[in-house]
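**Q** Dropping a structure here in structure tokens format, bear with me for questions.
The values are calculated or read from the model by the stated rules, or taken from the named source; none is laboratory data. Given the structure is predicted, the values throughout are model-derived calculations rather than measurements. When we count neighbours, we look across all protein chains shown, and the Cβ atoms used for this are built from the backbone with ideal geometry, even at glycine. Ligands, DNA and RNA are excluded from the accessible area calculation, which covers all protein heavy atoms including side chains. Shrake-Rupley method; radii C 1.70, N 1.55, O 1.52, S 1.80 Å.
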Amino acid sequence: MKSFLAAVLAALFTFGLAALPASADTTGLVRGIVTYGAKPAVGVTITLTGEDSALHSTTDATGAYSFSRVPFGHYELSATKSGLPTFSEPIDVESDSVVSASFEMQLRQIGQQRTAFVRGAGSNPVSVNSISSAQLGALPENQSLDNVIETLPGIVRFSYNEPVAHGFHGLTYELDGVPLPQSTTSNFSEIIDPRDIDSLEVFTGAFPAEFGGSRQGAVVNIISHRVSDLNDAESGSFTVGAGSYGDLQSTLTENLRLGGTQLFFNADQERTDRGIDAPTFVPVHDNSNTGNEFLRTITNVGARDTLTFDASNSSSIFQIPINDTPNPSDPIVVPSDTDDVQREYSKFFNLVYTNNDKSGNAYTQISPWYKYDRVVYDGDVAADLAGGNPALTQDRHSDFEGLRLTHFNVFGNNAVKVGVDGTIENFSGNETIAYDTDANGNPIPVQTFTDDSAKNGSQIGAYAEDKWTPTKFVSVLGGLRYDKSNGYTDGSQLSPRIEINGQVDPQDVLHFYYGRLYAAPFLEDTRRAATILAGAPPSTLPPYDLQPEHDQYYEFGLEHELSATTRSTINFWKRDVINVLDTQQLANTPIFAVFNSAIGIAKGVEGRVDSRFSNGDSLFFSASLSNSNAGGVSGSTFLFCPTLSPGCLSGIESNTLGPEDHDQTFASELGYTKRFGPAHSFFATLEPEYGTGYPVAFDDGSMGRLLPHLLFNGSIGREAKRGKKPTLGFDATFTNFTNDKYILKINNGFNTTQWGQGFRADLRVTAPF
């Protein structure tokens with residue numbers, strides 16, 4: 001039953017929330033002092049242009065200026081005054097950063113020093129990367145949030161298109177400054193549709209004290225819509241598309257200005273014959289249908305206060321792909337009429353009140369939120385049993401209620417942030433398992449076993465951090481976070497974090513970070529399903545032995561500015577883990593469950609070159625070399641081992657380190673976008689990617705690695721334009737156009753075979769209005 005908070009938020013959504021607005025915690029502060037001949041330059045017009053917006057300020061009697069809330073992104077800072085030199089300089093703004101750009105106009109030089117903690121992670125030169133709306137629109141795989149994130153260093157594409165960051169499962173998502181939690185390990189649909197996204201930034205390390213409490217390979221910070229996205233009283237577009245694998249899609253956007261409120265609405269539908277990675281290169285029984293609706297409002301409440309409201313609703317249906325023909329890569333063959341299906345439903349609401357101090361140097365936020373998730377797995381009982389497998393049906397759902405309190409203040413050389421996050425989750429699950437063999441594999445009459453579970457849990461996290469900038473060359477971020485969780489298991493941790501950035505010359509910034517991280521396991525119980533699917537008696541219920549994960553993370557890197565438009569980074573990192581939280585498929589089902597590895601070590605080096613040119617062209621190159629090992633498995637799928645045989649894990653239950661199944665040694669991606677035509681409205685992008693094969697335990701017990709893959713992706717299109725003479729937009733995308741056939745996983749008794757996607761072409765046409 002929904003709580004009072006959930007009911008209030010749902011009611012607000014129902015009535016459209018015409019009076020509610022937005023400015024979530026995804027902004028930074030830009031400030032500085034302008035001088036001319038060592039004296040304050042008064043009345044200079046300062047303009048900040050970028051991300052489809054233009055902000056203006058004027059220097060005061062002391063030569064000072066400020067922009068109090070600038071959404072993260074890439075901007076051009078310019079200064080003009082009659083009789084004085086005019087110039088501009090690119091700057092990057094990150095969430096909660098304080099960018100200090102002071103300059104002497106007589107010298108026509110600008111000295112930029114990033115002084116902020118970037119959404120808590122300080123002016124993190126090597127661990128924060130952003131993707132603008134222009135870049136996002138030109139990427140060949142921009143219909144998938146996971147594929148977009150996987151273009152960044154340190155993040156690789158694993159089975160079912162799951163992003164794996166720095167050797168570990170689990171990404172943390174923030175939408176417009178509010179947590180967006182994942183409820184189970186078995187969702188195929190993405191947490192938010194990229195068609196609802198304006199831009200995003202990703203932390204692959206150096207996590208600020210603000211983040212914690214859940215698996216955190218990376219933090220993805222998303223802006224859905226900006227104030228600058230609406231320039232007219234009303235605007236919108238309608239997009240239709242078609243492509244390979246029988247893909248059909250449509251998207252409607254409608255943007256309105258209602259008095260002081262800006263309203264943004266997106267709705268989209270898509271169906272395809274290739275919904276998820278399949279056990280055959282040409283997918284069989286792999287259709288999917290997805291639908292999403294998203295609403296955001298932006299309104300100022302008084303001179304300095306804002307209120308934001310987001311609401312989303314999504315539903316998806318996935319056929320579970322099958323292998324109905326014997327082949328060397330997958331020994332498991334099932335009847336051709338097998339019809340397993342998974343259905344997923346999600347709703348999300350948040351409300352953010354922001355009070356901005358009149359000085360422009362502080363703000364306070366109050367953010368209640370609610371999320372509902374449901375995953376239903378409908379197994380085809382008769383066909384599954386005929387194929388020699390247990391038959392499973394599940395219905396799992398979670399209600400999350402959360403509250404975030406935040407205060408940020410800049411005092412001279414100190415930028416202080418404190419906050420509290422509280423979350424309550426109510427989880428319940430219903431499972432029915434049918435089987436027709438005993439523990440020794442002998443046939444028996446069909447048995448049906450029902451296993452229902454329900455649990456309430458909570459998490460609370462509190463933190464304080466201070467970014468101290470004693471000189472323009474050094475900044476130090478110190479933070480302390482406390483996490484406490486309870487559910488099937490309880491845990492807590494006090495986590496110190498420190499980051500030091502030092503500018504060693506005008507082009508180079510050295511970076512060091514150390515932090516402890518804490519992650520609670522998902523609030524779900526798959527013990528009995530794991531044991532029965534492995535052939536153990538249904539009466540068996542092993543003890544719940546999952547434990548929270550405890551990490552120590554180290555990072556050392558360098559940022560080098562190759563030019564005013566090109567930034568390069570190199571980053572060395574290492575993660576030491578106790579009680580690794582990992583996931584494993586339940587036998588041949590697509591249901592995943594969490595298990596522990598007693599110890600884990602991941603380490604690597606990653607680099608990126610990112611260029612954004614004044615003519616709109618952009619270039620990036622990302623590369624990662626890493627190694628991820630773990631040992632001492634227990635829990636989840638492996639719970640049946642003590643029941644069946646004390647030695648059934650053949651040694652992997654020991655603390656001997658071995659490669660994780662998602663350990664991709666080397667990955668790289670290159671992307672170049674060329675803008676051309678009137679107003680640079682046309683674009684063409686080429687984006688090749690390369691990755692080595694994942695480690696695998698073959699069915700005969702031998703170990704090895706799968707073959708590497710090299711894919712070539714591209715896109716060409718034109719942006720839709722509104723105005724007196726509107727023009728249609730189009731977007732033609734091509735992925736894996738050499739049709740490289742590569743395998744992500746091989747069936748070895750613990751998981752299914754999964755093939756990467758072959759050649760795909762899509763065409764979308766957009767009509768603006």
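**Q** If residue 70 satisfies all but one of (1) closer than 23 Å to residue 408 by Cα; (2) in contact with a Phe, Trp or Tyr (Cβ under 8 Å, 6 or more places away or on another chain), what's the number of the condition it fails?
**A** Condition (2) is where residue 70 drops out.
**Q** Scan 243, 217 and give me the residue that is in contact with a His (Cβ under 6 Å, 6 or more places away or on another chain) and either within 16 Å of residue 314 (Cα to Cα) or of a type outside the set (S, T, N, Q) (or both).
**A** Of 243, 217, the one residue that is in contact with a His (Cβ under 6 Å, 6 or more places away or on another chain) and either within 16 Å of residue 314 (Cα to Cα) or of a type outside the set (S, T, N, Q) (or both) is 217.
**Q** Can you spot a residue in segment 38-57 that is open to solvent by less than 50 Å² (accessible area, probe 1.4 Å), more than 30 Å from residue 178 (Cα to Cα) and modelled with pLDDT under 85?
**A** Among the residues of segment 38-57, not one is open to solvent by less than 50 Å² (accessible area, probe 1.4 Å), more than 30 Å from residue 178 (Cα to Cα) and modelled with pLDDT under 85, which makes the answer no.
**Q** If I filter segment 324-351 down to residues being among the β-branched types (Val, Ile, Thr) and part of a loop (DSSP other than H, G, I, E, B), which single residue comes out as least open to solvent (accessible area, probe 1.4 Å)?
**A** This residue is 338.
Matching residues to (1) of a type outside the set (D, E, K, R); (2) more than 24 Å from residue 245 (Cβ to Cβ); (3) out of contact with any Phe, Trp or Tyr (no Cβ under 9 Å at 6 or more places or on another chain); (4) not in a strand (DSSP E or B):
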| site | (1), (2), (3), (4) |
| --- | --- |
| 271 | no, no, yes, no |
| 286 | no, no, no, yes |
| 307 | yes, yes, no, no |
| 313 | yes, yes, no, no |
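**Q** Same structure again: Given the condition modelled with pLDDT of 95 or more and open to solvent by 60 Å² or more (accessible area, probe 1.4 Å), answer yes or no: does some residue in segment 469-477 qualify?
**A** No, the conditions are met nowhere in segment 469-477.
**Q** Go through (1) surrounded by 24 or more Cβ atoms within 10 Å (Cβ to Cβ); (2) more than 19 Å from the chain's Cα centre (by Cα); (3) modelled with pLDDT under 65 for residue 97 and report which single condition fails.
**A** Residue 97 satisfies all of (1) surrounded by 24 or more Cβ atoms within 10 Å (Cβ to Cβ); (2) more than 19 Å from the chain's Cα centre (by Cα); (3) modelled with pLDDT under 65 except (3).
**Q** When residue 273 is evaluated against the numbered criteria (1) out of contact with any Lys or Arg (no Cβ under 9 Å at 6 or more places or on another chain); (2) open to solvent by less than 30 Å² (accessible area, probe 1.4 Å), which criterion, by number, is the only one it fails?
**A** (2)
**Q** Give segment 726-749 a look and list any residue that's surrounded by fewer than 19 Cβ atoms within 10 Å (Cβ to Cβ), outside any loop (DSSP other than H, G, I, E, B) and of a type in the set (Val, Ile, Thr), or say none.
**A** 727
**Q** May I pose another question? Could you identify the single residue in 431, 425 that is under 33 Å from the mean Cα position of the chain (by Cα), within 26 Å of residue 177 (Cβ to Cβ) and in contact (Cβ under 8 Å) with a residue 40 or more places away in the chain?
**A** 425
Results for (1) touching a Ser or Thr at 6+ places or on another chain (Cβ under 6 Å); (2) open to solvent by 10 Å² or more (accessible area, probe 1.4 Å), shown as yes or no for each residue.
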residue: 660; (1), (2): yes, yes
residue: 675; (1), (2): no, yes
residue: 682; (1), (2): no, yes
residue: 686; (1), (2): no, yes
residue: 713; (1), (2): yes, no
residue: 724; (1), (2): no, yes
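**Q** Sort through 381, 410, 418, 352 and tell me the only one that's within 22 Å of the chain's Cα centre (by Cα) and among the β-branched types (Val, Ile, Thr).
**A** Just one listed residue meets the conditions, 352.
**Q** Oh, and also: In this structure, is residue 319 open to solvent by 40 Å² or more (accessible area, probe 1.4 Å) and in contact with an Asp or Glu (Cβ under 8 Å, 6 or more places away or on another chain)?
**A** So residue 319 passes the test.
**Q** When residues of segment 199-244 are filtered for being touching a Gly at 6+ places or on another chain (Cβ under 9 Å), closer than 19 Å to residue 144 by Cα and open to solvent by 10 Å² or more (accessible area, probe 1.4 Å), how many remain?
**A** Summing the residues that are touching a Gly at 6+ places or on another chain (Cβ under 9 Å), closer than 19 Å to residue 144 by Cα and open to solvent by 10 Å² or more (accessible area, probe 1.4 Å) in segment 199-244 gives 2.
**Q** Among the listed residues 447, 394, 365, which satisfies the condition of being of a type in the set (S, T, N, Q) and within 30 Å of residue 500 (Cα to Cα)?
**A** 365
**Q** Could you tell me which residue of segment 167-198 is least open to solvent (accessible area, probe 1.4 Å), considering only residues that are over 16 Å from residue 129 (Cβ atoms) and of a type in the set (Phe, Trp, Tyr)?
**A** If we take residues in segment 167-198 being over 16 Å from residue 129 (Cβ atoms) and of a type in the set (Phe, Trp, Tyr), then 168 is least open to solvent (accessible area, probe 1.4 Å).
**Q** Let me ask something else about it. Please count how many residues of segment 420-435 are surrounded by 16 or more Cβ atoms within 10 Å (Cβ to Cβ) and closer than 19 Å to residue 391 by Cβ.
**A** 6
**Q** Which of the strands (runs of 3 or more DSSP E) contained wholly in segment 660-714 include at least 2 residues that are more than 30 Å from residue 616 (Cα to Cα) and at pLDDT below 95?
**A** The strands (runs of 3 or more DSSP E) meeting that bar are 695-697, 703-705.
**Q** Please find, within segment 482-500, the residue that is nearest to residue 462 (Cα to Cα) out of those that are among the charged types (D, E, K, R) and open to solvent by 10 Å² or more (accessible area, probe 1.4 Å).
**A** Taking the candidates together, the pick is 484.
**Q** So residue 512 fits all but one of (1) crowded, with 21+ Cβ neighbours inside 10 Å; (2) touching an Asp or Glu at 6+ places or on another chain (Cβ under 9 Å); what number is the exception?
**A** Failing condition for residue 512: (1).
**Q** Ok, one more. Show the residue pairs meeting these rules: Cβ distance below 9 Å; 6+ apart or different chains; first residue within segment 439-455 and closer than 30 Å to residue 426 by Cα; second residue assigned to a loop (DSSP other than H, G, I, E, B) and of a type in the set (S, T, N, Q).
**A** Here the result reads 453/526, each pair linking segment 439-455 to a residue that is assigned to a loop (DSSP other than H, G, I, E, B) and of a type in the set (S, T, N, Q).
**Q** Of all residues in segment 223-261, how many are modelled with pLDDT of 95 or more and part of a loop (DSSP other than H, G, I, E, B)?
**A** 3
**Q** Further question: Look at segment 276-316 and say how many of its residues are open to solvent by 10 Å² or more (accessible area, probe 1.4 Å), more than 18 Å from residue 196 (Cβ to Cβ) and of a type in the set (D, E, K, R).
**A** Total meeting the criteria: 3.
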